[in-house]
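Below is one structure, written out as structure tokens, with a few remarks after it.
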Amino acid sequence: MVSKLLALAGGMRGFLVLIGAGLVGVTVGIMGFTFGYANGFAYFADDPATCKQCHSMNKQYDAWAKGSHKTVACQECHSPEKHSQPVQWLLSEADNGFWHSLKFTTGAYPTNIKIRDHNKELVRENCLNCHGNLVSQIEQPSLHSNAQIDCLRCHNEVGHKR
Amino acid sequence: MSTAEEPQPVVEPKPDHSRRRWLLPAAFFVIGALITGGIVALLMNIAQRKAESTQPFFQVVQLTETSFDPAEWGKNFPAQYESWAKTAEMPASEQATPPAGDPRAFMAKSKLAADPRLVTMWQGYAFAVEYNEPRGHAYMLLDQQLVKRVQPPFKQPGSCLNCHASVPEVLNAIDPKDPAGAWATMNKMPYADAAKLAKHPVTCIDCHDPATMKLRITRPAFVEGIKAYKATQGIANFDPNKDATNNEMRAFVCAQCHVEYYFKGDAKTLVFPWKNGLTANNALDYYDSIGFSDFTQSLTGAKVLKAQHPDYETWAQGIHAKNGVTCADCHMPYTRQGAVKVSDHQVRSPMADEAQINKSCLTCHHQTEAEMKGRVETIQSTWKESSSKSFDALDQLIRDIAAAKAAGNVNPDWIAAAQQWQRKAQFFQDYTVSENSRGFHAPQYALSIVADVTDAARRGQLALRGITEPVTKDPAKDYTPMKATPAPTTAAPATPAPAATPTPIVNPVYSPAAPAPTATP
């Protein structure tokens, strides 16, 4: 039996390669299962329900689902535009995906989560993607302070009440 | 060992093939094991989170009305129990060293040492002997049993246990069949005897129904108090255990203790003075109407009141109460644990640390932790400055009355009027300094109390001199402006205009012959 296997594998070296390949297969299998179990494929689509898979955004999701922007998916506000900026979109997804996974796994994040500054800026830009024409007159930097007007300073609950 | 004369032949070191051959597979093995182990760990983590989100509660033991031990409840609700037990934690900066012979490893700092004006104010009362900063729920029973206020020569009733022990257990020990009778008995008992029946500080059963975990009221004094208060709002026969909303209960359970109260009559029945409403003025009116005083201030002879810790009543005057934000929202905020949120039973200041500010304030306020902390500090430091000035005013009134009594030549009616003002000033000052939020629970209301203290102290000092100043209620109607005599228009610029005739200032001359003041506070 053993000698037959050895012969089939082309000697001791080939046999070890087979074992190694088998072990890699085990690891990949566990990886695949874990990915599937965690519903990882959902992260490549844009169903808003994906964002509450880990439960930390239940509150945001529930509020969004009852809000004025419920027909606008999470990523339409929180990611760069996918088709016109595919590279930025991918980088943003990878950046946020990595930190979300890490923080949720370790639990090292506050009860009330907060948006990072560059992501907040992204949201502001996305406000203008839809509402830009309407607010073009008021969106200009102030004549006096040269400060950019931030839509979210006043409209901070339009997407989802925190 | 080699020497210069005998050069060693250079030998190529023979490569150790046997070792190198295994190094690579071994490294691969370790890396493969680590990767696989890591993925399995992640898998388990995901599985655990998924389980948490679907099955947050496992019943291990059956809880009943006699489950007094919080550890039993902890078997079913480990997260809540663990956070409740953490009320024993105390930052090192807040700890004080107990006196020799005290069984405690550390205790809370003395409030009397921090502000000895309290000692003057409370002359004639046990609080002048020992009064400390508050600390965690875990210590309420122990600290009370060791405080000098319950040791001889002071005599305290069992009523004190209403808020320093888990009462259902005490009542059960006195008479399991008649809780109302047992409560009356406990109130009258000498403190030391009643305290022997107390086993725990406030625990699960004090606020929760063991069958449903619903919040419930266990203290008869609150049931009566809130009934009286709701009647002032046009709601008759209010029963918190039947009629209160869940949101109300999130403040009511705390309001069973964090309130102003007094012990009524020889039965030492615990009563909340809420018949006229929840403000300090309402409470003072109530005490005046029944002629109640906690003690006679020994420096001045004034019949005064000891305010307790009206946290609930003060909160009720503030913006958070108006918006339905309850005690539990800030002091027991929801805390994320894995995939679930648990109400934090480590009741403490939301300002304890950044994570606590995040959990409490940032649920509604969209600012940073630092900004929220700054706001609270501004409110508290403003209150601290103002209440220190009003405390000075009260202190000086007390010293003035004491001096007038010692002088022996002051109209007794003037002294009586000043004592009445002291009663008000002292009750209000005590009210705001004994309240636990340093002005935060209702900032504007707290400062209005402080202003009332200063005004009452000023009027008291004037009353002692036989002067009664009018109170302006509607300036447009009952106030006449005082105007300076206009300077002569023809006066030469070189010579200064003659000053208006000054109103003579009445000097504090004590004279028993002078007429008595007509108005009293």
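The values are calculated or read from the model by the stated rules, or taken from the named source; none is laboratory data. Please read these numbers as outputs of a predicted model, since none were measured by experiment. FYI the Cβ positions are ideal-geometry reconstructions off the backbone, even for glycines, and counts take in every protein chain you see.
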*Just a yes or no: is a residue in the range A:73-87 assigned by TED's automatic domain parsing to the domain that holds A:Thr50, farther than 30 Å from B:Met44 by Cβ, of a type in the set (A, V, I, L, M) and without any contact (Cβ under 8 Å) to a residue 12 or more places away in the chain?*
yes
*Here are some conditions: (1) without any contact (Cβ under 8 Å) to a residue 24 or more places away in the chain; (2) more than 25 Å from B:Ile217 (Cα to Cα). B:Asn282 meets all but one. Which one does it not meet?*
(2)
*Name the single residue, out of those in the range A:115-150 being within 14 Å of chain B (Cβ to nearest Cβ) and surrounded by 13 or more Cβ atoms within 10 Å (Cβ to Cβ), that is modelled with the lowest pLDDT.*
A:Asp150
*Could you identify the single residue in B:Phe252, B:Phe292 that is part of a helix (DSSP H, G or I), aromatic (Phe, Trp, Tyr) and in contact with a strand residue (DSSP E or B) (Cβ under 8 Å, 6 or more places away or on another chain)?*
B:Phe252
_I need a count of the residues in the range B:164-190 that are within 25 Å of B:Gly124 (Cα to Cα) and surrounded by 21 or more Cβ atoms within 10 Å (Cβ to Cβ)._
2
*Could you check how many residues of the range A:44-68 are away from every other protein chain (no Cβ under 14 Å) and basic (Lys, Arg)?*
1
*Out of (1) assigned to a helix (DSSP H, G or I); (2) more than 14 Å from chain A (Cβ to nearest Cβ), what's the single condition that is false for B:Cys330?*
(2)
*Among the residues of the range B:310-349, which ones are crowded, with 21+ Cβ neighbours inside 10 Å, over 14 Å from the mean Cα position of the chain (by Cα) and without any contact (Cβ under 8 Å) to a residue 60 or more places away in the chain?*
B:Met332, B:Pro333
*Quick check: anything in the range B:220-242 touching a Lys or Arg at 6+ places or on another chain (Cβ under 6 Å), free of Cβ contacts under 8 Å to residues at least 40 places away in the same chain and of a type in the set (Phe, Trp, Tyr)?*
yes
*Number of positions in the range B:32-74 that are outside any loop (DSSP other than H, G, I, E, B) and more than 14 Å from every other protein chain (Cβ to nearest Cβ)*: 5
*Do we find a residue being outside any loop (DSSP other than H, G, I, E, B) and either within 11 Å of chain A (Cβ to nearest Cβ) or within 30 Å of B:Ala47 (Cβ to Cβ) (or both) anywhere in the range B:375-386?*
no
*Residues that are closer than 14 Å to A:Leu122 by Cβ and among the basic types (Lys, Arg), drawn from the range A:82-107*: A:Lys82
*Can you run down the residue pairs with Cβ atoms below 8 Å, 6 or more apart or on separate chains, where the first is in the range A:97-113 and farther than 12 Å from B:Gln337 by Cα and the partner is aromatic (Phe, Trp, Tyr)?*
A:Gly97/A:Tyr43; A:Lys103/A:Tyr109
*In the range A:69-114, which residues are away from every other protein chain (no Cβ under 14 Å), charged (D, E, K, R) and surrounded by 14 or more Cβ atoms within 10 Å (Cβ to Cβ)?*
A:Glu76, A:Glu81, A:Lys82, A:Glu93
*Would you check which residues across the range B:338-355 are closer than 23 Å to B:Ser53 by Cα and within 12 Å of another protein chain (Cβ to nearest Cβ) and list them?*
B:Gly338, B:Ala339, B:Val340, B:Lys341, B:Val342, B:Ser343, B:Asp344, B:Ala355
*With respect to B:Glu224, is the statement that it is acidic (Asp, Glu), outside any loop (DSSP other than H, G, I, E, B) and more than 23 Å from B:Ser293 (Cα to Cα) true?*
no
*Any chance the range B:452-461 includes a residue that's in contact (Cβ under 8 Å) with a residue 60 or more places away in the chain, among the aliphatic types (A, V, I, L, M), part of a loop (DSSP other than H, G, I, E, B) and crowded, with 24+ Cβ neighbours inside 10 Å?*
no
*Qualifying positions in the range B:262-287 - over 19 Å from the mean Cα position of the chain (by Cα), assigned to a helix (DSSP H, G or I) and of a type in the set (A, V, I, L, M, F, W, C)*: B:Leu284
*If you check B:Ala79 against the conditions, is it over 20 Å from the mean Cα position of the chain (by Cα) and of a type in the set (A, V, I, L, M)?*
yes
*Selection status of B:Glu385, surrounded by 21 or more Cβ atoms within 10 Å (Cβ to Cβ) and within 30 Å of B:Ala418 (Cα to Cα)*: no
*asked:* Exactly one condition in (1) buried (at least 19 other Cβ atoms within 10 Å of the Cβ); (2) modelled with pLDDT under 95; (3) away from every other protein chain (no Cβ under 12 Å) is false for B:Lys359; which is it?
replied: (3)
_Counted residues, the range A:6-18 - those being under 25 Å from B:Ala33 (Cβ atoms), surrounded by 11 or more Cβ atoms within 10 Å (Cβ to Cβ) and more than 10 Å from chain B (Cβ to nearest Cβ)_ = 5
*asked:* Would you confirm whether or not the range B:49-63 contains a residue that is surrounded by 14 or more Cβ atoms within 10 Å (Cβ to Cβ), over 22 Å from B:His258 (Cα atoms), of a type in the set (Gly, Ala, Ser) and touching a residue at least 24 places away in the same chain (Cβ under 8 Å)?
replied: yes
*Is it the case that B:Ala516 is modelled with pLDDT under 95, hydrophobic (A, V, I, L, M, F, W, C) and in contact with a helix residue (DSSP H, G or I) (Cβ under 7 Å, 6 or more places away or on another chain)?*
yes
